[in-house]
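Notes for the one structure printed next.
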Amino acid sequence: MKRHLVSAADLSRDDALLILDTAEELAQLSGRAVKKLPTLRGRTVVNLFFEDSTRTKTSFEVAEKRLSADVINFSAKGSSVSKGESLKDTALTLQAMGADAVVIRHHASGAPARLAQSDWLHGSVINAGDGTHEHPTQALLDAFTMRRHLNPGAGHDLAGRRVTIVGDVLHSRVARSNVHLLNTLGAQVTFVAPPTLLPIGIENWPCEISYDLDRVLPKTDALMMLRVQRERMNAAFFPTEREYSRRYGMNGLRLAQLPGHAIVMHPGPMVRGMEITAEVADSPRCTAVEQVANGVSVRMAVLYLLLGGATLADAPADAPRTETVEIAQ
Amino acid sequence: MTAHRDSTPQDQAPRPPHQVLDGTDIARVITRIAHEIVERAKGAEDVVLLGIHTRGVHLARRLHGRLAQITGREIPLGTLDITMYRDDLRLKPARALEHTEIPPGGIDGKLVVLVDDVLFSGRTIRAALDALNDIGRPRAVQLAVLVDRGHRELPIRADYVGKNLPTSLREAVQVRLSDSDGVDAVLVGDRDFTAASRSALTEQGAQAAKPTEPHLPE
Amino acid sequence: MTTYLIRNAQILGGAPQDLLLADGVIKEIGTGLTAVADIEIDATGLVALPGLVDLHTHLREPGREDAETVLTGTRAAAMGGFTAVHAMANTTPVADTAGVVEQVWRLGQEAGYCDVQPVGAVTVGLEGKQLAELGAMHESAAGVRVFSDDGKCVDDAVLMRRALEYVKAFDGVVAQHAQEPRLTEGAQMNEGQVSGELGLGGWPAVAEESIIARDVLLAAHVGSRLHVCHVSTAGSVEIIRWAKGKGWDVTAEVTPHHLLLTDELVRSYDPVYKVNPPLRTAEDVQALRKALADGTIDAVATDHAPHPAEDKDCEWAVAAMGMVGLETALSVVQQTMVETGLLNWEGVADRMSHRPARIGRLAGHGRPISVGEPANLVLFDPAYRGAVNPDSFATRSRNTPYKGLDLPGRVHATFLRGRATVLAGELSEQGGEL
């Protein structure tokens, strides 16, 4: 594996399966009396959040604490960051504090990549969502959830499984990370959205495109609904909320068109009544809550694989820096 | 790797490993340990067997089979991966995890018998005890090993020992089990030789999926 | 005044000849000149070109002296072989009055490295609301003839029309930064395959092309001159080619970076590649090279845009747009145009000196290299090969996209009216009033 997790495209098939298999082992922990492992004792992980995100931040924090890491929450709000301190100075500060890893959420696409490539800090950089670029741990937890339902078992991938992703692909970091990872794992991805919410050049992405949700539903094993922000309406991406949900929203009638084994996923937070009706959101086929639980396991796996073994911080200062982390055995 | 071995002076050449236990010996040892467990645990009523990855799991399964024959009952059997509790995690890149499976009845109030192939420094068992501590509260914990080769670095001893094997630190003990290595055998040889033959094995992509842990001091 | 005898220079890449520079002019040209000069320069292997003229330079003074001053910017210009630069109006305060343009012009005179021809703002404060006092700026000591709101587009069609018409009175030209504002809200890079993958806001080619199309029609309608700044797309080239075909008085420039770099570089998220207009695709680069070769694009202009380190040492979204370019322009043109066979050195002189001087109506620049002409010259060593080292730059800023890149050629000497501003690759320290 690479030393950082910035993009889902950084993960080879072996890397991805190793993370999913490790997460599967770590998932057992939630059923134990003591939900804690000593593995990352003495490692310092900083959650550097420039954007509000209670869910992702909490998920990472639980994962870090279950692995006994020292957790520092560095929130941009109310800190010197909001007073004009640059990303560089923040990173230098964290480096001076001895951060072994920085989990970063940033409103600017590419900020984690910048951090990883710079010599501002030496720890691992884990992307917890950057602008409209990527959210790789979300894609991992989505793949983990799909594998459990569609092809359970260690070492299994998602070969041939049909995944339909519906909604605001243009602004979605979840969609971008998912298309990379799902392809790596052998799944077939179809994006469904109004043309205004698909990025230019998407015809060259490794996926199918459709403007017609109803035609795709019967050929879907996993349906992922993306959040659509109401503000998009004012920027003329679609005429009205009502028209959007009629054409692209998930409802009870459409649920019936899915194959019996298919699941409905949502990365949250859901906008009920917009892209998904309460009937679907609360149905047993909707995995939204399960995804949250799986997020902790997947993030533990990523943290363990990046920080659990020997890292740069353990190496002498003059040792050559490598861009990859080897996995023993 | 091994090709030029003949050219080195005889007294300095790493000694090839010699076999100290064969398949029959191993089967006999497992039978004996099973009887000892039944005897000391008074019929093994509350025993839970936990095999420590990798070869401890195979041995625990065999022990489980013998115990079933002796007692006519299914003794709860599980597996334990101690990776996350190792004290040498930072010496190597992160390791892939093995499957930990605690039997449905759990371990609370039970007599847990940990099963491993070689007892050496004791550090693996220390990690296993830490892991157990997070999983539950057994009535007691005992340890069964196929080979005790000495050189303990922690105050740990085995309750059931297949064979005491006095070794020097220059030597390596290799346990091969048919489940993972195609054959049942315990070999002792020079560490250097073992390392060389291991790499030769790996290069040829030989029978074993994973080469035997040479049980070096950790 | 120091006299120079230049031996064996290849004038516009031709056969070696000697040149004698004295009294600010070219006194003699020939082989085996016997004249005695204060300094003799062995120019064997060097190409002699007329002093380069940049239509598009940001000198940042007044207001952002931390990025560049007229002095440091003109020293960089001299190092790049330039003898005249057009200083863009987006300073603080904006160069929208006679006072500001005269100040910039005078700072250039005092520095003495390169003629500084201020560009006046089209609208007050670059705000696109009200015409600035274009006539007053023209009548000032600076004698402004080029007007631009560069950095911002004059997107109001009526205002643009009026500006085009108004400057006819004194043979002025409006240099338009073509960028449809609504289509580029939140734009971070070229809109295309790469922007989609990187999740960066797209700056579509159509936002440039639609404005150029409108402007050439407006210029034709009112019979005015139009200059199009930093053309960056293949579509823009087509529109300009069409307009020129109609006989309309439209000129255009391209930057060195748009002749070499593509938006693939943005994948690194390194803001050194953030520029406006953005780096485009390889197809656009090829179309721009071809257009410069066939004359559809008239000039290479650097859009030299210095920024302090902190404005680039940050995440992409908050980084400033622009690249420094004065000191690498000729090397990039050699690599992209000369070594590809698209232009010879005569062509380079035309696109980097003659035509830009004509567009800016600069009388003493862009002249032929012949006896009696002002001695504005550059001696360029095209055989040199070396990695770009920003630490050696004369500009105050270091935001070059070419750091560490092997580029061909380097300036050996630059003469401004017979005075060496650069000699043997080193800046002359004499400076002073011209």
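The values are calculated or read from the model by the stated rules, or taken from the named source; none is laboratory data. This one's a predicted model, so the numbers in the text were calculated from it and none came from an experiment. Neighbour counts run over all protein chains shown; Cβ positions are idealised from the backbone, glycine included. Keep in mind that these areas ignore ligands, DNA and RNA; they rest on the heavy atoms of the full protein, side chains included. Shrake-Rupley method; radii C 1.70, N 1.55, O 1.52, S 1.80 Å.
A few notes on this one:
- Kirkwood-Stokes translational diffusion coefficient of region B:22-168, alpha-carbon pairs, 37 °C, 0.692 mPa s, µm²/s: 212
- Flagged links, alpha-carbon separation over 30 Å, of A:35/A:57; C:246/C:403; C:152/C:403; A:57/A:219; A:36/A:219; A:88/C:129: C:246/C:403; A:57/A:219; A:36/A:219; A:88/C:129
- When Rg and the Kirkwood Rh are both derived from Cα coordinates, the Rg/Rh ratio for chain A amounts to 0.97.
- Kirkwood Rh (inverse of mean 1/r, distinct Cα pairs), region A:136-287, angstrom: 15.3
- Whole-percent carbon and sulfur share, accessible surface of chain A, 1.4 Å: 52
- Electrostatic tally near residue B:171: other residues with Cβ closer than 9 Å to its Cβ, Lys and Arg +1, Asp and Glu -1, net +3.
- Gain in span if fully extended, residue A:209 to residue A:196, counting 0.36 nm per residue against the direct Cα distance: 3.4 nm
- The helix-only estimate of mean residue ellipticity at 222 nm for chain C, built from DSSP H runs of length n ≥ 4 each weighted as -39500 (n - 2.57), is -7000 deg cm²/dmol after division by the residue total.
- Only helices enter this figure: runs of n ≥ 4 DSSP H residues, each worth -39500 (n - 2.57), summed and divided by the residues of chain A, yield -10500 deg cm²/dmol at 222 nm to the nearest 500.
- Taking chain A and dividing mean pair separation by its residue count, relative contact order in percent (alpha carbons under 8 Å, at least six apart): 21
- Normalised by the number of residues in chain C, the average gap of Cα pairs under 8 Å and 6 or more apart makes the relative contact order 20 percent.
- When peptides A:205-214, A:27-36, C:183-192 are sorted by average Cβ neighbour count within 10 Å, with the highest value leading, the order is C:183-192, A:205-214, A:27-36.
- Interface C-A: total buried accessible area of about 1500 Å², 1.4 Å probe, protein heavy atoms only.
- Among residues other than residue C:144 with Cβ under 11 Å from its Cβ, the summed charge is -2 (Lys and Arg +1, Asp and Glu -1).
- Lys/Arg +1, Asp/Glu -1 at C-beta; the protein assembly as shown dipole; positive extreme among A:216, B:132, C:169: B:132
- Sorting the segments C:274-280, B:152-158, C:163-169, C:324-330 by their residues' average number of neighbouring beta-carbon atoms within 10 angstrom, most packed first, yields C:324-330, C:274-280, C:163-169, B:152-158.
- Per-residue average of Cβ from other chains inside 10 Å of C:309-320: 5
- Peptide ranges A:223-234, A:44-55 listed from the most packed, as the mean C-beta count within 10 angstrom indicates: A:44-55, A:223-234
- For region B:42-114, the set of GluC sites (Glu not before Pro) satisfying both a DSSP loop assignment and a count of at most 11 other C-beta atoms within 10 Å is given as B:74.
- Protein accessible surface hidden between B and A, which excludes ligands and nucleic acids, total in Å², probe 1.4 Å: 1900
- Region C:304-433 - charge dipole about Cα centre, Lys and Arg +1 at Cβ, Asp and Glu -1, debye rounded to 20: 480
- Global geometry of region C:51-359, whether rounded, prolate or oblate, following the gyration tensor of its Cα atoms and the 1.5 cut on a/c: rounded
- Shielding of peptide A:106-117 by partners, expressed as the average count of other chain Cβ atoms within 10 Å per residue Cβ, is 6.
- Efficiency of FRET between residue C:109 and residue A:119 - r from beta-carbon atoms, R0 60 angstrom, step 0.05: 0.90
- Total formal charge among the other residues, if their Cβ is under 12 angstrom from that of residue A:44, Lys/Arg +1 and Asp/Glu -1: -1
- Region C:93-128 versus region A:148-195: alpha-carbon centroid distance in Å: 56
- Pair-distance profile P(r), taking every C-alpha pair of the protein assembly as shown, with 10 angstrom steps and integer %: 2, 10, 16, 16, 15, 13, 10, 8, 6, 3, 1, 0
- Here the scattering of region A:70-210 is modelled by Debye summation over its C-alpha atoms, one equal scatterer each and no solvent; at q = 0.15 Å⁻¹ the log10 of I(q)/I(0) is -0.84.
- For C:195-207, mean number of other protein chain Cβ atoms within 10 Å: 5
- Under 5 Å between amide hydrogens, built in the peptide plane, is the criterion, and for residue C:133 it picks out nothing among residues at least 5 positions away or on other chains.
- Heavy atoms of the protein chains alone define the surface here; on that basis region A:136-287 has 39 Å² accessible area per residue at 1.4 Å probe size.
- Equivalent ellipsoid semi-axes, region C:328-434, via Cα gyration tensor eigenvalues times 5, rooted, Å: 24, 20, 13
- A Gaussian network model of chain C, with springs between Cα atoms under 10 Å, assigns the largest mean-square fluctuation among C:19, C:198, C:46 to C:198.
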